[in-house]
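Undergrad: Shown below is the structure under consideration.
The values are calculated or read from the model by the stated rules, or taken from the named source; none is laboratory data. Quick caveat, the model's predicted, so the values are computed rather than measured. Don't worry about glycine lacking a Cβ; one is built from the backbone with ideal geometry, like all the others, and counts go over all protein chains shown. Keep in mind that these areas ignore ligands, DNA and RNA; they rest on the heavy atoms of the full protein, side chains included. Shrake-Rupley method; radii C 1.70, N 1.55, O 1.52, S 1.80 Å.
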Amino acid sequence: MRKSFMYLLFALAAIVMAGGFSSCEKDDGGDTTVTPTPDPEPEPGEDNDLLFESILKEYVESTVVPTYRSLAEAALEMRAANEALKDSPSDETMQAASEAWMKARVAWEISEAFLFGPVGEQALDIDGHIDSWPLERDQIDAVLADGALGLTGAEAWQMDAEVIGFHVTEYLLYRQGKSRPVADLSEAELNYLTAATDALVWDCVLAYVAWVGEENVSAEMKVVFRENPDVAAHLENNPAYMNFARRLTTKEGYPSWASALSEIAVGASEIAGEVGATKIEAPYSEGKTEDVESWYSWHSLDDYQNNIRSIRNAYLGGMDDNSRREISLSAYLAESNSALDAEIKAKMEDTLSKIAAIGAGGLSFYEVVRDGVNASEVEAAVEACLALQTLFDSIVANLE
């Protein structure tokens with residue numbers, strides 16, 4: 001590892017450990033000169049511990065936390081748009097509500113490389129609660145036929161995952177890739193939409209609060225988090241996932257810094273495998289259009305690419321190319337195994353292009369599955385996803 005990179009990492013680690021998660025000390029203006037005492041020689045493995053701690057802090061502060069903050073903010077925009085649609089139904093407010101759904105959807109899909117934390121199935125299961133598919137259409141129709149006019153957000157939050165979340169709101173807003181004409185929506189559907197959106201908002205805000213800690217969010221977010229006592233109680237009853245950013249960046253509950261750092265690669269590996277095997281291969285090989293995710297909006301291929309972008313952000317750091325910094329899992333690997341780092345970077349881009357190619361001819365993935373076309377493009381995308389999964393698995397193996 002080049003000295004310049006190590007010095008940068010050690011300097012960052014020293015600053016963070018001295019000032020805390022998000023604070024800094026001011027110079028008091030004194031002119032006392034202090035001769036620094038040389039640091040003792042590090043114990044075996046201590047170099048990597050400082051390095052891994054620095055990478056985790058940067059990952060949390062520059063990638064995970066701002067991603068979940070953006071998700072919570074987008075969910076609130078979606079709530080406002082759906083309330084406006086309910087209050088003043090028009091094709092214009094319907095279009096605005098559809099666009100707000102899309103913005104929130106993108107924010108969610110670009111977070112899916114982080115499902116090892118509070119959002120995952122073995123934790124608060126926010127993922128399962130807001131992103132389960134296929135929908136239970138019979139149950140949805142029953143809700144609409146009996147009681148949707150009086151449905152509240154609190155009641156919706158307690159309902160089965162297959163009748164709430166992103167996909168029921170998508171179903172109410174879209175048909176065949178387009179925003180529905182507002183005249184098609186019944187009063188019951190409009191009320192169902194706003195109730196389900198309230199439940200979705202609480203889950204998105206819960207994800208943000210669980211990661212960063214309630215004490216570190218805005219006053220507005222605190223109010224929303226406390227709107228439904230059951231949501232706050234869900235986190236309070238699972239204290240291991242409260243302020244998970246602090247737990248991860250102090251390796252609390254992990255046997256080593258390497259184990260904590262491996263979470264980044266594990267999260268990337270798991271979503272790469274899911275995109276390839278579950279989201280693309282399974283519905284195509286079985287010819288089941290109902291198993292295609294986000295098929296009412298025809299947003300599936302965008303979803304899958306955003307999952308890969310989530311991996312890219314986790315690996316390279318930041319939320320996009322303009323916010324990347326010099327400290328990341330990629331930067332570490334570039335020093336220790338440059339060939340693997342280069343291969344991962346190339347495979348991420350290859351996977352994005354292969355997923356996009358599934359829609360050759362301007363088709364949505366729903367149409368591709370329905371018509372059984374573009375088989376070679378589907379196969380290539382699946383292979384790329386699984387190859388990307390294997391590459392991240394190799395990082396985990398090297399850290400163990």
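Undergrad: Using Cα-Cα distances under 8 Å and only pairs 6 or more residues apart, what relative contact order does the chain have, in percent?
TA: 20 percent
Undergrad: Any chance you could count the Lys pairs in the chain whose alpha carbons are under 24 Å apart, treating pairs 8 or more apart or on different chains as valid?
TA: 20
Undergrad: Provide the packing ranking of 372-384, 225-237, 73-85, i.e. peptides ordered by the mean count of other C-beta atoms within 10 Å per residue, highest first.
TA: 73-85, 372-384, 225-237
Undergrad: Ratio of region 82-172's C-alpha Rg to 2.2 N^0.38 Å, to two decimals?
TA: Ratio of Rg to 2.2 N^0.38 Å for region 82-172: 1.18.
Undergrad: Okay, moving on. Which order do peptides 216-222, 263-269, 150-156, 56-62 fall in by mean Cβ count within 10 Å, highest first?
TA: My ranking of the peptides, most packed first, is 263-269, 56-62, 150-156, 216-222.
Undergrad: Further question: Which shape class, rounded, prolate or oblate, goes with region 152-303 when its Cα gyration tensor gives a ≥ b ≥ c as root eigenvalues, a/c under 1.5 marks rounded, and past that a/b bigger than b/c marks prolate?
TA: Oblate, since a/c reaches 1.5 and b/c is not below a/b.
Undergrad: Report ³J(HN,Hα) in whole Hz for each residue of region 263-272, in order, from the Karplus equation J = 6.51 cos²θ - 1.76 cosθ + 1.60 where θ = phi - 60°; Gly and Pro get x.
TA: Couplings: 4, 4, 5, 5, x, 5, 4, 5, 6, 4 Hz.
Undergrad: Based on Cβ point charges of +1 for Lys and Arg and -1 for Asp and Glu, what charge dipole magnitude is obtained for region 324-400 about its Cα centre, in debye rounded to the nearest 20?
TA: Roughly 220 debye for region 324-400.
Undergrad: Please name whichever of 151, 167, 70 sits farthest to the positive end of the charge dipole of region 60-194, dipole taken about the Cα centre and charges placed at Cβ: Lys and Arg +1, Asp and Glu -1.
TA: 70
Undergrad: Picking from 310, 297, 333, whose Cα lies most toward the positive end of the charge dipole for region 271-336 (charges on Cβ: Lys, Arg +1; Asp, Glu -1)?
TA: 333
Undergrad: Quick one: which of 190-202, 125-137, 160-172 comes out on top by average Cβ neighbours within 10 Å, and what's the full order, highest first?
TA: Highest mean packing first, the order is 190-202, 160-172, 125-137.
Undergrad: At a threshold of 8 angstrom on Cα-Cα distance, excluding pairs fewer than six apart, so keeping six or more, what relative contact order does region 187-311 reach in percent?
TA: 18 percent
Undergrad: Give the distance, in whole Å, between the Cα centre of region 365-398 and the Cα centre of region 84-131.
TA: One Cα centre to the other: 24 Å.
Undergrad: Measure nothing but the geometry: give the 0 to 90° angle between the long axis through the Cα atoms of 3-19 and the longest principal axis through the Cα atoms of the chain, rounded to 10°.
TA: That helix lies at roughly 80 degrees to the long axis.
Undergrad: Classify region 266-400: rounded, prolate or oblate, from the alpha-carbon gyration tensor (a ≥ b ≥ c, eigenvalue square roots; a/c under 1.5 rounded; otherwise prolate if a/b is larger than b/c)?
TA: prolate
Undergrad: Let me know the charge dipole size of the chain about its Cα centre in debye, to the nearest 20, where only the beta-carbon of Lys, Arg (+1) and Asp, Glu (-1) is charged.
TA: In debye, rounded to 20, the chain gives about 680.
Undergrad: For residue 174, which sequence-distant residues (separation of 5 or more, or a different chain) have an amide H within less than 5 Å of its own amide H, given hydrogens modelled in the peptide plane?
TA: Residues meeting the amide H criterion: 180.
Undergrad: For the chain, with all protein chains present and a 1.4 Å probe, just round the carbon and sulfur fraction of the accessible area to a whole percent.
TA: 49 percent
Undergrad: Counting only heavy atoms of protein chains, what accessible area per residue, in Å², does the chain have with a probe of 1.4 Å?
TA: 44 Å²
Undergrad: Sticking with this structure for a sec: Quick one, which of (i) 172; (ii) 130; (iii) 159 is the actual volume of the Cα convex hull per residue in Å³ calculated for this model?
TA: Comparing each candidate, only (iii) matches the computed number.
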